[in-house]
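Below you'll find the structure, written out as structure tokens, and then a few comments.
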Amino acid sequence: MAATRARVHAVDTGPSPIERYRSLLGEEAWSQFDSAMRAFAAKLRGKVVWNVNSAGRGGGVAELLAALIPYDRSVGVDERWLVIEGSPDFFQVTKRIHMLLHGVSPDGSELSAAQRAEYEQTLEGNAAALVELMKPGDVAVLHDPQTAGLVPTLTGHGVKVIWRSHIGVDQPNDMVRTAWRFLTPYLETASAFVFSRTAYVWDGPDGSRIHIIAPCIDAFSTKNQDMDGHIVAEILRASGILSGADGEATFLRNDGTAGRVRRRANLTASLPVDARIVVQVSRWDRLKDPSGVARGFAQLVAPHVDSWLVLAGPTVNSVDDDPQQSEILREVTSVRDEMDARTRDRVVIAQLPMDDTEENAAIVNALQRRADVVVQKSLAEGFGLTVAEAMWKGRPVVASRVGGIEDQVEHGRSGILINDPNDLKGFGSAVAGLLRDPRGAQALGNEARQRIIRKFLAPRHLMEQAELITSLV
Ligand code: UDP
């Protein structure tokens, strides 16, 4: 049966001036960055760079694209962002592939022929829509397993395709290999493969097509822009996270206009203004282990240090490509319900409003800045942008030593790493230790910020991607 043409939708990003980075980089690095970007724009004249993924908001890939595309556009590169369309069944299949690529199979089963058929049919419909927009000679960066099946049609149309995987594990097991086997047939004609770390490179593709580009954050986005303590408190009050009156909860939008936080989070309770706060910000996903965070906090932190935990994530049903989130939210809510009343009051589950992505980003920014300790107790993690975001804000981080988190945090110097992600005791003791030692915590936070400036800001990423694309055209 022929697939019907899907409706891909464009995400409009507008430009952001690269000059913003001038003072942060210093003159020498700035001039290198500036000339690399101008050369890139000159080389790409007449061609479009298309990014294709499966969600216009929510999660790390959307965050990365929203941060980077505006800078390329500001130097004159015609870069665009398209989001594919898929049914709930398609996203069930891609969620399963996502879990398998992390080495996890929730029910032990593999991918069936029916699931492959669902995957192919959905992507056939999307590919038909994409070839009407793309010209031969354009470049397409396809992100993650959701888009791998588009490669043959697009390369057949004369488009140079880069397939980028944002996820992986250090030690692939049989489940990971199952996912590789599922995806590999689609990828043969891609011009390049991008992985976030060397350890994530698959068996198979020849080395000359493989490139490593670590993700990054944008220091000037609504998520990461500087915010003084007064505004932080106002934003947290306006969203209901801190109790008290609502004042001027303003922030700067990415297009330079003023925004204001007006929507309230869906919360189990508000926190007192002077609370000491431990925060994890994540999609409601099993691999982020929100239930483990709640248990570790309840057993090892709350009984010893006067503090609160905030588990923050998007309002459920607002992230289209993630069908599991209501189940995970229910799970963590029941873990909280089973706690004794005193501890339960200290654990706040916050579903942040997602109607306006920048309002959501401003709330996340304020919450990360207000946190005494930021945690990321992931069981597996591609990169972990939330870690970089907290480090940039000078926050002490306690995180699992998994995936890209290990590239970001140097244990004991720019944060604390927990070797075994299931070690509740190690996790809880590290958090309690930092809450008891604000000076030591601040020293980790200061070092963390410097590390992000050195290694994980947008200019480094923009130059690496420009070099790769230039080499292909
Ligand atoms: N995020 C957000 N609002 C939320 C939850 C998460 O903006 O309610 C953002 C978070 O700040 C980060 C991204 O989503 O920028 C998550 O990226 P990460 O690499 O940590 O994990 P992923 O979701 O890609 O697995």
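The values are calculated or read from the model by the stated rules, or taken from the named source; none is laboratory data. Please read all numbers here as calculations on a predicted model, not as lab measurements. Don't worry about glycine lacking a Cβ; one is built from the backbone with ideal geometry, like all the others, and counts go over all protein chains shown. To get the accessible areas, we keep the full protein, side chains included, count just its heavy atoms, and leave off ligands, DNA and RNA. Shrake-Rupley method; radii C 1.70, N 1.55, O 1.52, S 1.80 Å.
Some points to look at:
- Debye, to nearest 20: dipole size of the chain, +1 on Lys, Arg Cβ, -1 on Asp, Glu Cβ: 620 debye
- Computed over protein heavy atoms with a 1.4 Å probe, the accessible surface of the chain works out to 39 Å² per residue.
- Share antiparallel - DSSP beta bridges, the chain, percent rounded to 5: 15 percent
- Charged-residue dipole, Cβ positions (Lys, Arg, Asp, Glu), the stretch 14-64 about Cα centre, Debye nearest 20: 320 debye
- Gyration tensor (alpha-carbon) shape descriptor, the chain, a/c threshold 1.5: prolate
- For the chain, the longest principal axis of the alpha carbon atoms and the long axis of helix 113-133 meet at an angle near 70°.
- Label sites at Gln299 and Asn446, each approximated as a point 7 angstrom past Cα along Cα to Cβ, lie 3.5 nm apart.
- Cα→Cβ-extended label distance, 7 Å offset, between Asp420 and Arg330, nm: 3.1 nm
- Principal-axis tilt of helix 438-455 within the chain, Cα atoms, nearest 10 degrees: 10 degrees
- For the stretch 151-310: span of alpha carbons on each principal axis (Å, largest first): 59, 44, 23
- Each listed q (0.17, 0.25 Å⁻¹) maps to a log10 I(q)/I(0) for the stretch 297-366, found by the Debye formula over equal Cα scatterers with no solvent: -0.72, -1.09.
- Working value for the stretch 104-168: equivalent-ellipsoid semi-axes of 26, 15, 7 Å, each the square root of 5 times a Cα gyration tensor eigenvalue, largest first.
- Solvent-accessible area, 1.4 Å probe, carbon plus sulfur percent, for the chain: 48 percent
- Gyration tensor over alpha-carbon atoms, the stretch 228-343, equivalent ellipsoid semi-axes in Å: 26, 20, 11
- Share of Cα-Cα pairs in the stretch 333-453 lying beyond 26 Å, as whole percent: 23 percent
- Equivalent ellipsoid, the stretch 144-190 (semi-axes from 5 times Cα gyration tensor eigenvalues, Å): 23, 11, 7
- Taken over the stretch 1-131, the percentage of Cα pairs per 10 Å bin, counting from 0 up to the bin with the maximum distance, is 11, 30, 28, 19, 11, 2.
- Dimensionless Rg over Rh [the stretch 1-73; C-alpha; Kirkwood]: 1.10
- Only one residue of Ala448, Leu434, Gly394 has its Cα farthest out toward the positive end of the dipole of the stretch 345-473, where Lys and Arg carry +1 and Asp and Glu -1 on Cβ, and that residue is Leu434.
- Counting only DSSP H runs of at least 4 residues, each contributing -39500 (n - 2.57), and dividing by the residue count of the chain, the helix-based mean residue ellipticity at 222 nm comes to -13000 deg cm²/dmol.
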